[in-house]
Amino acid sequence: MKPWLHLVFFPCVFLIWHTEAEFFTSIGQMTDLIYAEKDLVQSLKEYIRAEENKLSQIKSWAEKMDILTSKSASDPEGYLAHPVNAYKLVKRLNTDWLELENLVLQDTTNGFIANLTIQRQFFPTEEDETGAAKALMRLQDTYKLDPETLSRGNLPGTKYRSSLTVGDCFGMGKTAYNDGDYYHTVLWMEQALKQHDEGEDTTVSKVEILDYLSYAVFQFGDLHRAMELTRRLISLDSTHERAGSNLRYFEKLLEKERKEKEKEKSINNSVTTTEAMVQSGAYERPLDYLPERDIYEALCRGEGVKMTPRRQKRLFCRYHDGNRNPHLLIAPFKEEDEWDSPHIVRYYDVMSDEEIEKIKHLAKPRLARATVRDPKTGVLTVASYRVSKSSWLEEDDDPVVAKVNQRMQQITGLTVKTAELLQVANYGMGGQYEPHFDFSRRPFDSTLKSEGNRLATFLNYMSDVEAGGATVFPDFGAAIWPKKGTAVFWYNLFRSGEGDYRTRHAACPVLVGCKWVSNKWFHERGNEFLRPCGRTEVD
């Protein structure tokens, strides 16, 4: 039986969430929450003013009655000898104090509570909070940020400073713990403990932090440190039953380990060590499903880009007229080579600021969680490796959509008649799309028979991104950074129709900023003579 199965007592909080909101997948839609919160603050201030007015009336009454009762209590009979005073005493106790009681019982919360109830329908869900926490962890891993950097908000290109409290760090650690992610549990519980030790005011106790931290450390096989943390917990709360049980269990494991070492020594007459002890705090990030994870994340950080001087000499800038397209002869586009093979180019001033804002305005109400096709079933589904929201715009939606489509056709020389609709995407917290192919490799895609495969990708950058958010190609080590108003273009297929597997690419997590893009996928059908076959399979 595995050791952890013996540990009956450990912190356990399992969360159940819904799938409706998913605010964290789109920064564009999260802006609505800012205005909702501002409205709630106004409602709360109105409630406070009402409460202050109510208390002011009560205070005024109390002060008046204090003066009156001091006078009457000093000579009760003399005071009541005056018939008006006697009448007013009876009236006060029968009527005035009842009015005061009604004032005290008056509920001024109705307006605020009603507004809060309405707004709560549109609040982020448990899934949003979990997704947001995982997004911070994703940024932490991709850009090699330690918890201290994130907690203090020391990020490049930020306009506003913000920091995480002990409670926030503790919440991050709990999210990781509930997901079975002990690597991030340790990192964030250590940060919470560090800030707690520094004297930060918080409602989270050290006992709670140590409870999670000691168990997470144990999961890495670091028995000595797990015992050290558990002893510290017990020194703060000697009645903590789970900690006491865990400590006894740890001691048994260490004793068992000591006896096994002695047995080995007596057999081999030499000291042999068991599994190497992990140095305190130096726990390695577990491997995951993505084989090129290290290369992909390095490119996102701007490291490992294979742009050699020799390759650089083969890249040029030029004016592009779409093979003498009549519409571009007078006003050609500026074209810049981003990569030589496969050939990737960037076009400048493809979309104006006005066009970009119009496209965003059209897309925002329709944004929905971006999906991927399940490789086994062919069904579209959401996935953790694609964190964004997207919508699809038709030419009938607005003349600007038709105008942008026509412009892409003129630049590429390919027809948009068989192309997909204009897809607009907005990336959320740590928004990304891990390495993938744009072309299809699956026989069940119905569009392959009617429209052919995705021949080419035209990607419009509709915003600048302060940090992160690059488009990277792990296979050949290229990184292309977003520039508002520009677009990049590449072919996904060789002229033979075979997929160019070098074009596997990714959208890096957005570290700071709000990333908007739109893209057009051109298909094979209708472009047979616009991009004819080559002489070989890889032309």
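What follows draws every value from the coordinates through simple rules; no lab data is involved. Computed from a prediction, not measured in an experiment: that's the story for all the values here. Heads up, the Cβs are rebuilt from the backbone with ideal geometry, glycines too, and the neighbour counts pull from every protein chain shown.
Couple of notes before you dig in:
- Cβ-derived FRET efficiency at R0 30 Å, residue 60 paired with residue 110, nearest 0.05: 0.80
- Taken over the range 115-226, the alpha-carbon convex hull comes to 140 cubic angstrom per residue.
- For the range 44-118, the ratio of Cα radius of gyration to the globular rule of thumb 2.2 N^0.38 Å stands at 1.54.
- In the chain, the longest principal axis of the Cα atoms and the axis of helix 223-236 are about 20 degrees apart.
- The shape of the range 380-457 comes out oblate: with a ≥ b ≥ c from the C-alpha gyration tensor, a/c is at least 1.5 while a/b does not beat b/c.
- Note on the range 132-280: with charges restricted to the Cβ of Lys and Arg (+1) and Asp and Glu (-1), its dipole about the Cα centre is near 220 debye.
- Here's the list of lysines a cross-link from residue 91 could span, going by alpha-carbon distance under 26 Å and ignoring same-chain residues fewer than 8 apart: 54, 59, 64, 71.
- Interatomic Cα distance distribution for the range 283-352, bins of 5 angstrom, percent: 3, 12, 15, 16, 15, 11, 9, 8, 5, 2, 2, 1, 0
- Here is the P(r) of the chain: all C-alpha pair distances, binned every 20 Å from 0, give 16, 37, 26, 14, 5, 1, 0 in whole percents.
- Peptides 481-494, 519-532 ranked from most to least packed give 481-494, 519-532, packing being the mean of other C-beta atoms within 10 angstrom over each peptide's residues.
- Pair residue 51, residue 248: separation of 7 Å Cα→Cβ label points (nm): 4.8 nm
- Angle of helix 399-412 to the longest C-alpha principal axis of the chain, folded into 0 to 90 degrees and rounded to 10: 40°.
- Extended-chain gain in nm, criterion 0.36 nm per residue less alpha-carbon gap, residue 34 and residue 117: 28.2 nm
- Cα-derived Rg over Rh, computed across the range 48-190 with Rh taken as Kirkwood radius: 1.38
- Peptides 284-297, 138-151, 415-428, 68-81 ranked from most to least packed, by the mean per-residue count of other Cβ atoms within 10 Å: 415-428, 138-151, 284-297, 68-81.
- Taking each of 144/484; 364/484; 144/515; 389/483; 306/389; 134/389 in turn, the alpha-carbon distance tops 23 angstrom for 144/484; 306/389.
- The slack between residue 311 and residue 97, meaning 0.36 nm per residue of separation minus the straight C-alpha distance, is 68.0 nm.
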